[in-house]
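Asks: The structure's right below; bear with me while I get my questions together.
Nothing in this text is a laboratory measurement; each read-out follows from the coordinates by a stated rule. Just so we're clear, the structure is a prediction, and the values are computed from it rather than from any experiment. Note that we place each Cβ from the backbone using ideal geometry, even for glycine, and neighbour counts take in every protein chain shown.
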Amino acid sequence: MIDLHKVHIFVILVSIMKQKYSLLLILAGALLLCGVFWVYMRSNATMSNPSNDVVLEEPIVVDGDELEPASPPVQLEFDLGSYVPYSSTSLAQAQERGVTVLFFAATKWCHTCSDLEQEIIARAAEIPGDVTILKVDYDNDSAMKSAYGVTVQHTLIALDSSGEEITRWIGLDLDELLSSLEST
């Protein structure tokens, strides 16, 4: 004769084991999805801008003469006069010249930051001569973020020649930025 008490215990143990396996399968699936998402985001960020170099795909105009575009696009170092990477040296040089300094806190993964950067590069001639835009690495420059209270990427902060904040904007495109600079 079968002991019903032992059968009942066996059924409970099998039920518990199934629940544990289900939980393990759910956790494994969640980890797999997180891994796939992480790989996708990393590859998407490096494919959209593999370095800080700028790729120019449109013809370059110098003194009214259009230069022929190279094929494939030419890689240029990231330095366009009024738009330069932030460093204490570039800040000091801009302040010595007495120009308005515009901090641009940007990231590689921020699409609106990338869009504004491409606009600045393509339309560099439209940036007023008394403005220097310093691109600040939002992800890695915690000192600047702390000093100026920057809490979100795509923040732009206008400073006078003594380093005092004039105003700040978040999320502007170049047309809005140029318009705002005129009224500042």
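Asks: Quick one: plug the Kirkwood hydrodynamic radius of region 78-182 (C-alpha pairs) into Stokes-Einstein at 10 °C, 1.306 mPa s, and report D in µm²/s. Before the final figure, lay out the partial values.
Replies: Numbers: Rh = 13.5 Å.
It diffuses with D of about 118 µm²/s by this estimate.
Asks: Obtain the nm distance between the two label points defined at THR184 and GLU119 by a simple spin-label model: each point lies 7 Å from its Cα along the Cα-to-C-beta direction.
Replies: Label-label distance for THR184 and GLU119, simple model: 1.5 nm.
Asks: Quick check: residue separation of SER162 and GLN95 times 0.36 nm, minus the Cα distance between them. What number comes out in nm?
Replies: Values: separation 67, 0.36 × 67 = 24.12 nm, distance 0.67 nm.
Full extension of this stretch gives 23.4 nm more.
Asks: In units of 2.2 N^0.38 Å, what is the alpha-carbon radius of gyration of region 138-184?
Replies: Values: Rg = 11.4 Å, N = 47, 2.2 N^0.38 = 9.5 Å.
Dividing the Cα Rg of region 138-184 by 2.2 N^0.38 Å gives 1.20.
Asks: Tell me, ASP137, ASP160, ASP173 in order of fewest to most beta-carbon neighbours within 10 Å?
Replies: Working: ASP137 17, ASP160 14, ASP173 11.
With the fewest neighbours first, ASP137, ASP160, ASP173 line up as ASP173, ASP160, ASP137.
Asks: What does the charge count around GLN95 come to, taking other residues whose C-beta lies under 14 Å from its C-beta (Lys +1, Arg +1, Asp -1, Glu -1)? Show your work: numbers first, answer last.
Replies: Details: positive: ARG97; negative: GLU96, ASP130, ASP160, GLU164, GLU165.
That works out to -4.
Asks: How far, in nm, would the chain grow between SER88 and ASP139 when pulled straight, counting 0.36 nm per residue and subtracting the alpha carbon separation?
Replies: Additional length available on full extension: 16.6 nm.
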